[in-house]
1. With the requirement that a residue be in contact with a strand residue (DSSP E or B) (Cβ under 7 Å, 6 or more places away or on another chain) and part of a helix (DSSP H, G or I), what does segment 246-263 give you?
2. From the set of residues in segment 283-328 that are modelled with pLDDT of 95 or more and farther than 24 Å from Leu183 by Cβ, which is surrounded by the most Cβ atoms within 10 Å (Cβ to Cβ)?
3. Which residues, counting only those in segment 44-77, are among the charged types (D, E, K, R), in contact (Cβ under 8 Å) with a residue 40 or more places away in the chain and surrounded by 17 or more Cβ atoms within 10 Å (Cβ to Cβ)?
4. Which condition breaks for Ala277 when tested against (1) crowded, with 18+ Cβ neighbours inside 10 Å; (2) over 14 Å from Val106 (Cβ atoms)?
5. Out of the residues in segment 27-64 that are within 25 Å of the chain's Cα centre (by Cα) and assigned to a loop (DSSP other than H, G, I, E, B), state the one that is nearest to Arg269 (Cα to Cα).
6. Of the conditions (1) under 20 Å from Val290 (Cβ atoms); (2) crowded, with 20+ Cβ neighbours inside 10 Å, Phe173 satisfies every one except a single condition; which number is it?
7. Counting residues that are within 21 Å of the chain's Cα centre (by Cα) and among the aliphatic types (A, V, I, L, M), which helices (runs of 4 or more DSSP H) fully inside segment 104-202 reach at least 2?
8. Which one of these is assigned to a loop (DSSP other than H, G, I, E, B) and in the same structural domain as Ala275 (by TED's automatic domain parsing): Val13, Val88, Val98?
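The values are calculated or read from the model by the stated rules, or taken from the named source; none is laboratory data. Note that this is a predicted model, so its numbers are computed, not measured. With ideal geometry, Cβ positions are generated from the backbone for all residues, glycine too; neighbour counts draw on all protein chains shown.
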Amino acid sequence: MADAGAPNLSLLVAGPDGEQTSRWGNACALAMSAGFPGGPRLITDPEGGLDGVTGANRLDALVMPDGKTAAILPGAALIAWMTGDSRVHFDPTRWVPVMAGANSGVLVARLGDKTPSPTVPSLQALLEFAPLRIAVDRPESNDLAALLALQGMGVKLAPVFGLRGTAAKTRAFVSGEVDAVFLCGEGVPEDTAPLAANAGVPVFSLGQMDAAGVISPDPLFPGVPHAASFAGSGVTLSAAYCAAAAAARLDFFMVLPKLTDPDAVAAWRQAARAAIADPGVAAAASASAVTLQRAAETSAALQALDISANDQAGLQAYLTTNFGWHPG
């Protein structure tokens, strides 16, 4: 039972009550309570839509850095920030990281006779499509990471837009409307099964970032190279790709406002470690194919978002030129 003398703490949830970020917020809040001195009650406060922009705006505008309130957000809020969404009034590069849940991102393609072996995809096989029809929700989604990776590799693309969600993308792949699908989010390993049953082969992944910012193969796809490794030493993927990939890997992340007192930061991070070790939270993460990460890994992901103004402008120019996109 919570100590009556321990004041309540708050967790701002950037998303609607009952939806994905909210469910993680509830689970983490319950598990984190015991990790704080005195076991205070941690009260969740849902705010705004699924992309997390409204909640993120509230974090920057209204939440005081007094250590009493943290926020949990989806990676989609970071994509909105990168692409210059007019609703964005926050800067994620200045938030103080607490913890995160990282997911997989994998490009699956039907290579057919474009590769000597269906189990050994190659960049040449992708180049031979000229163009590669890839299923895309919209540019300002997790698909941005795949678009930027393929663009950096020199692959000519013919995106098929408007395919929102794994089910729609899978139907398009099975029917032969697209050659490739980028799977990203929770449950990616099981989502590859219907694609594999229709000659789909995992080509490359976003990999996993460690606390030093180093990218290694995704542990859930150990035989699949991450994008930079797949591209080879002759290809350098852009800072915009690295930022988009960092955002796409984040199923959710928890932060404190900038300038939060170091002692309060330490207390929240201690509580986060308790949540990561909690059997219930760990079981939920495993069932969702999500990897729980401490503050150091979360910090590395947010640092990857800190691209230059020129890189951000170049990204938006690329989206406008190639896809007729304009900031929303």
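1. Passing the criteria: Ala246, Ala248, Arg249.
2. Among residues in segment 283-328 that are modelled with pLDDT of 95 or more and farther than 24 Å from Leu183 by Cβ, the one surrounded by the most Cβ atoms within 10 Å (Cβ to Cβ) is Ala295.
3. Across segment 44-77, the qualifying residues are Arg58, Asp60.
4. Evaluating Ala277 over (1) crowded, with 18+ Cβ neighbours inside 10 Å; (2) over 14 Å from Val106 (Cβ atoms) leaves (1) as the failure.
5. Among those that are within 25 Å of the chain's Cα centre (by Cα) and assigned to a loop (DSSP other than H, G, I, E, B), it is Val63.
6. Tallying (1) under 20 Å from Val290 (Cβ atoms); (2) crowded, with 20+ Cβ neighbours inside 10 Å, Phe173 fails exactly one: (1).
7. In segment 104-202, 143-152, 166-174 are the helices (runs of 4 or more DSSP H) which contain 2 or more residues that are within 21 Å of the chain's Cα centre (by Cα) and among the aliphatic types (A, V, I, L, M).
8. That would be Val88, the only listed residue that is assigned to a loop (DSSP other than H, G, I, E, B) and in the same structural domain as Ala275 (by TED's automatic domain parsing).
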